[in-house]
Amino acid sequence: MESITIVEGISVGHSENRKGVTGCTVILCDPFAIAGMEIRGGASSTRQIDSLITSSHVVGGVVNAIFFTGGSAFGLDAAGGVMRYLEERKRGFPTSKGFVPIVPTAVIYDLALGKGNIRPDAKMAYQACLKAKPEKVEEGSVGAGLGASVGKLYGISLSLIHI
C-alpha cells in the first residue's frame with residue numbers, strides 16, 4: 001500500500017505521549033501544496049482552515065503544512081510548534097516583516113482515553129516536524145491517531161478504541 005509520501009516534496013512526522021494517549025502528526029509540504037477541506041463531526045475544532053478557501057486573496061489554498069493533533073480544542077495551540085519550525089526555515093507566505101507559515105490544523109477529542117491534562121503542545125509539534133521523513137509513513141494508532149476512537153455518540157465507554 002502506498003503512502004502520501006510518494007508525492008514529491010511531502011514528508012510526514014509523528015510525536016506522541018503514551019501516558020496521555022495523545023499525539024500529533026504533521027505533513028510538511030516543500031515548498032508548498034494546494035489543499036482543500038471537508039469538515040465533519042459534531043464538534044469540529046480547527047485553526048487556519050479559512051486559508052484553504054480557494055477564493056482567499058492571500059493564499060488561495062496554498063499550505064506549507066497540514067497539522068493534526070489530539071487534545072481537543074486545547075491541542076490547537078500545538079500548531080505554534082509547526083509555525084516556529086517553518087518560520088526558522090523561512091517558509092511561509094512572504095510579508096514585509098518575514099514569512100507567515102500557512103498551517104491548517106484539525107484536532108480530535110482524545111482527552112477521555114489517557115490523562116486528559118496531558119495534551120499536545122508546541123514542543124511536541126516541533127518534534128513531529130524534526131521527525132518528518134519523505135519515506136513510507138506509519139499509519140493507524142500513531143501520532144494524532146494514537147488516541148483516536150469512533151462511536152462516542154453513546155458515550156466513551158461504548159466507543160471503539162485501538163491502542
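From the Cα gyration tensor of the chain, with a ≥ b ≥ c the square roots of its eigenvalues, which class applies: rounded if a/c is under 1.5, or else prolate if a/b is larger than b/c, or else oblate?
Numbers: a/c = 1.73, a/b = 1.58, b/c = 1.10.
It is prolate, given that a/c is not under 1.5 and a/b is the larger ratio.
How many nm is it between the label spots at Lys90 and Ser141, if each spot is 7 Å from the Cα in line with the beta carbon?
4.4
List the pairs from Lys19/Lys131; Lys19/Lys123; Lys90/Lys123 whose alpha-carbon separation is above 26 Å, in the order I gave them.
Values: Lys19/Lys131 20 Å; Lys19/Lys123 16 Å; Lys90/Lys123 19 Å.
Beyond 26 Å between Cα atoms: no listed pair.
According to the square roots a ≥ b ≥ c of the eigenvalues of the Cα gyration tensor, what is the shape class of the range 43-105, taking rounded for a/c under 1.5, prolate for a/b larger than b/c otherwise, and oblate for the remainder? Write down the numbers at each step before the final one.
Details: a/c = 2.62, a/b = 1.28, b/c = 2.04.
Verdict is oblate for the range 43-105.
What do you get for trypsin sites (Lys or Arg not before Pro) in the range 16-109 restricted to DSSP loop and a cutoff of at most 14 other Cβ within 10 Å of the site's Cβ?
In loop regions of the range 16-109 (DSSP not H, G, I, E or B), the sparsely surrounded trypsin sites (Lys or Arg not before Pro) are Arg18, Lys19, Arg40, Arg89, Lys90, Lys97.
If the cut-off is a Cα-Cα distance under 15 Å, which aspartates and glutamates reach Lys97, setting aside same-chain residues fewer than 8 apart in sequence?
Counting by Cα, and skipping residues close in sequence, Lys97 has these aspartates and glutamates nearby: Glu87, Glu88.
Excluding Lys131 itself, calculate the net charge of residues whose Cβ lies under 12 Å from the Cβ of Lys131, where each Lys or Arg counts +1 and each Asp or Glu counts -1. Present the calculation step by step, with values, prior to reporting the outcome.
Details: positive: Lys133; negative: Glu16, Glu135, Glu138.
Computed value for this residue: -2.
Are there any GluC sites (Glu not before Pro) in the range 1-97 that are in a DSSP loop and have at most 10 other Cβ atoms within 10 Å? List them by number. Could you put the intermediate results ahead of the total?
Numbers: sites: Glu2, Glu8, Glu16, Glu38, Glu87, Glu88; in loops: Glu2, Glu8, Glu38.
Those that pass, being in a loop and sparsely packed, are Glu2, Glu8, Glu38.
Within 10 Å, Cβ to Cβ, of Arg119, how many net charges do the neighbouring residues add up to if Lys/Arg are +1 and Asp/Glu are -1? Please list the in-between numbers first.
On the way: positive: Lys115; negative: Asp77, Asp110, Asp121.
Once all neighbours under 10 Å are counted, the net charge is -2.
Restricting to bridges with both residues inside the chain, how much of the DSSP beta-bridge set is antiparallel, in percent to the nearest 5? It would help to have the intermediate numbers written out before the result.
Numbers: 23 of 26 bridges.
That works out to approximately 90 percent antiparallel.
Quick one: what are the phi-derived ³J(HN,Hα) couplings along the range 95-108, Karplus 6.51/-1.76/1.60 with θ = phi - 60°, whole Hz, x for glycine and proline?
Listing the rounded values in order: 10, 5, 10, x, 8, 10, x, 9, 9, x, 9, 9, 10, 10 Hz.
Filter the trypsin sites (Lys or Arg not before Pro) in the range 114-155 down to the DSSP loop ones having no more than 15 other Cβ atoms within 10 Å, then list what survives. Could the numbers behind the result be given before it?
Details: sites: Lys115, Lys123, Lys131, Lys136, Lys152; in loops: Lys115, Lys136.
Filter output for the range 114-155: Lys115, Lys136.
Starting from the Cα of Arg18, step 7 Å along the direction of its Cβ; do the same at Leu130; then give the gap between the two resulting points in nm.
2.0
How charged is the neighbourhood of Phe99? Take every other residue with its Cβ under 10 Å from the Cβ of Phe99, and add Lys/Arg as +1 and Asp/Glu as -1. Walk me through the intermediate numbers first.
Numbers: positive: Arg89, Lys90, Arg91, Lys97; negative: Glu87, Glu88.
Overall, the nearby charge balance is +2.
Each reported figure results from applying straightforward, stated rules to the coordinates on display, with no laboratory input. What you see is a predicted model, and the numbers here were worked out from it, not measured in a lab. Positions of Cβ are generated from backbone atoms using ideal geometry, with glycine treated the same way; all protein chains shown enter the neighbour counts.
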